[in-house]
């Protein structure tokens, strides 16, 4: 299932994100940025907020853009979760992005390794616990934003179905969840995908779709073992990289 | 030290100052002499000016009232009645009494220019400019020949009511109007909300959008609200919710609202401002509030009124969900962020320092 390609320079690359997932990432990136830029000046006031509102053509236009982006985000979120649940049920998708008990063990093991209490870092799967945390946060936080956003978009109509007290609650939750999402993105995603010494300046796999084989071996050893069961995980440092034994597909 | 005064020799400056003092004393006597010449005839005089439309205006004034007015010591009759130089006076050629009065009021700006420019921005000046001669000018509120320093607040309010009778009747029945005549000096009157000179058109969107700020002048002021039993958090809580936040942004220049967003007067009334206290006591608040919601949210179901958090900050008793969610995030956000930052620092430490 997993595509493995050899580029002209002889390097071997393992597919990590199919084209549709890469497109999804770009869509989330775009909607997230638009939602943050149009949402922050609604939450906070001051000269900066007024500057953004003025640049976007006033509060009404800013809200229109925010709602349009929110609807795009909501449709995407619904489709994504729907396709994923269907894929899991039909057995065409792996549980690779959802947390397992093993992830908890990996997290504790990794922390022990950081603290020097354990010699080797745990071998991590295709998506490690740090990435799963972010994905799960994105999906669950996204769901909170979609549901509360819908309540704020049609408060009077929805009051026929839900208690009225949920409307101000949705207001508070929408605003706070957005702050949490923004902070996690700024700290965790920017570190994990850009500033971390392992990937600095940038982990490009979510755009190119492929991760180099040696990076996979180093950072996602368990997945490396699954894809290349015959190969050693710890090549001798003297041995040259890219042994020409890989299949092209 | 660039002032031209510095170049004038001191002796000359002193002489000039002394001269000014002397001349101002002389002017005061002068004014009295000049005016008493006019009052000799006009005090209580009953003859009248006849206008083309048949209206008349007596030329008599009360010398007693004039002497008590703010102008008596400083203004000559001729300063305002500039056309009159001598006796016999030139004929008054105005088609109507009102046209004559409006023309006379033009002399106020010769001294009170700042108020004149303010009043030029008012809806009244715009109406006058359009040719609506019923709109008031200076003398209609301040009086003629009996002006005092500060116009009497109640008298001015009654003066507004003389033209705006319907509104005056509504106001009289409102919580504000009810307090009229009671000892409290804090009763808001027309000019407190609309302004005295620069009276803006209250039908314009800009007025509606900013009107909460008018109410906040008194309702956010603990001193003025003392003894009324009213919350001073009304404006703060309003600005915290969707409506207030929106109107605050519009007021700060974020465009104009495509459709008006509720402000104080939309729920409480404009001139017929009412109290929700009885409804609160009787437990009928929700059914009364929903009526105000439906002014904008047409078919809102009764449950929609429960979205309203009242004018007190939410508490665990009044809005448990809001408070719990707020506190949940107040704990969750720092906790998650601290955990993530700690993880990052440990990773960096292991990768860079503690290899």
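Among the residues that make up segment A:82-97, is at least one of them out of contact with any strand residue (DSSP E or B) (no Cβ under 6 Å at 6 or more places or on another chain), in a helix (DSSP H, G or I) and over 22 Å from residue A:2 (Cα atoms)? The answer is yes; a qualifying residue exists. Set side by side, the residues B:299, B:306 differ, and just one is touching a helix residue (DSSP H, G or I) at 6+ places or on another chain (Cβ under 8 Å), closer than 24 Å to residue B:229 by Cα and at the interface with another protein chain (Cβ under 9 Å from one of its Cβ atoms), which is B:306.
The residues listed here are A:95, A:64; of these, the one that is surrounded by 15 or more Cβ atoms within 10 Å (Cβ to Cβ), out of contact with any helix residue (DSSP H, G or I) (no Cβ under 6 Å at 6 or more places or on another chain) and without any contact (Cβ under 8 Å) to a residue 40 or more places away in the chain is A:64.
Taking segment B:172-194 as the range and being touching a residue at least 24 places away in the same chain (Cβ under 8 Å) and under 16 Å from the mean Cα position of the chain (by Cα) as the test, the residues that pass are B:176, B:186, B:188, B:189, B:190, B:191, B:192. Of the residues making up segment A:196-212, those that are crowded, with 16+ Cβ neighbours inside 10 Å and without any contact (Cβ under 8 Å) to a residue 60 or more places away in the chain are A:196, A:199, A:203.
For segment B:262-290, a tally of residues being within 14 Å of chain A (Cβ to nearest Cβ) and assigned to a helix (DSSP H, G or I) returns 5. Please work out if residue B:259 is within 13 Å of chain A (Cβ to nearest Cβ), farther than 25 Å from residue B:173 by Cβ, loosely packed, with under 13 Cβ neighbours inside 10 Å and in contact (Cβ under 8 Å) with a residue 24 or more places away in the chain. It is true that residue B:259 is within 13 Å of chain A (Cβ to nearest Cβ), farther than 25 Å from residue B:173 by Cβ, loosely packed, with under 13 Cβ neighbours inside 10 Å and in contact (Cβ under 8 Å) with a residue 24 or more places away in the chain.
Is it fair to say residue A:9 is without any contact (Cβ under 8 Å) to a residue 24 or more places away in the chain and under 29 Å from residue A:216 (Cβ atoms)? It is true that residue A:9 is without any contact (Cβ under 8 Å) to a residue 24 or more places away in the chain and under 29 Å from residue A:216 (Cβ atoms). Checked against (1) assigned to a helix (DSSP H, G or I); (2) within 13 Å of chain A (Cβ to nearest Cβ); (3) modelled with pLDDT of 90 or more, residue B:218 passes all but a single condition, namely (2).
Take residue A:86 and tell me if it is more than 14 Å from chain B (Cβ to nearest Cβ) and touching a residue at least 24 places away in the same chain (Cβ under 8 Å). In short, no.
Restricted to segment A:45-59, and to residues there that are touching a helix residue (DSSP H, G or I) at 6+ places or on another chain (Cβ under 9 Å) and surrounded by 15 or more Cβ atoms within 10 Å (Cβ to Cβ), the residue that is nearest to the other protein chains (Cβ to nearest Cβ) is A:58. Please verify whether segment A:22-38 includes one or more residues that are within 14 Å of chain B (Cβ to nearest Cβ) and out of contact with any strand residue (DSSP E or B) (no Cβ under 8 Å at 6 or more places or on another chain). Yes, some residue in segment A:22-38 is within 14 Å of chain B (Cβ to nearest Cβ) and out of contact with any strand residue (DSSP E or B) (no Cβ under 8 Å at 6 or more places or on another chain). Listed by position, the helices (runs of 4 or more DSSP H) enclosed by segment A:144-249 that each have at least 1 residues that are modelled with pLDDT of 95 or more, within 8 Å of chain B (Cβ to nearest Cβ) and within 26 Å of residue B:329 (Cα to Cα) are A:155-158, A:166-184. Cβ separations smaller than 6 Å between residues 6+ apart or across chains give the following pairs from segment B:333-355 residues that are at the interface with chain A (Cβ under 7 Å from one of its Cβ atoms) and surrounded by 12 or more Cβ atoms within 10 Å (Cβ to Cβ) to residues that are modelled with pLDDT of 95 or more and in a helix (DSSP H, G or I): B:333/A:180; B:337/A:183; B:340/A:187; B:340/A:188; B:344/A:191. Would you check if residue B:54 is modelled with pLDDT of 85 or more, outside any strand (DSSP E or B) and more than 24 Å from residue B:108 (Cβ to Cβ)? Yes; evaluated as a whole, the condition is true for this residue.
Starting from residues that are in a helix (DSSP H, G or I) and in contact (Cβ under 8 Å) with a residue 24 or more places away in the chain, keep the ones in segment B:221-238 and report whichever is nearest to residue B:191 (Cα to Cα). Filtering segment B:221-238 for residues that are in a helix (DSSP H, G or I) and in contact (Cβ under 8 Å) with a residue 24 or more places away in the chain, the one nearest to residue B:191 (Cα to Cα) comes out as B:224. Within segment A:101-126, the only residue that satisfies the criterion of being in contact (Cβ under 8 Å) with a residue 24 or more places away in the chain, surrounded by fewer than 19 Cβ atoms within 10 Å (Cβ to Cβ) and outside any helix (DSSP H, G or I) is A:123.
The values are calculated or read from the model by the stated rules, or taken from the named source; none is laboratory data. Everything numeric in this text was worked out from a predicted model, so none of it was measured. Backbone-built Cβ (ideal geometry, glycine too); neighbour counts: all protein chains shown.
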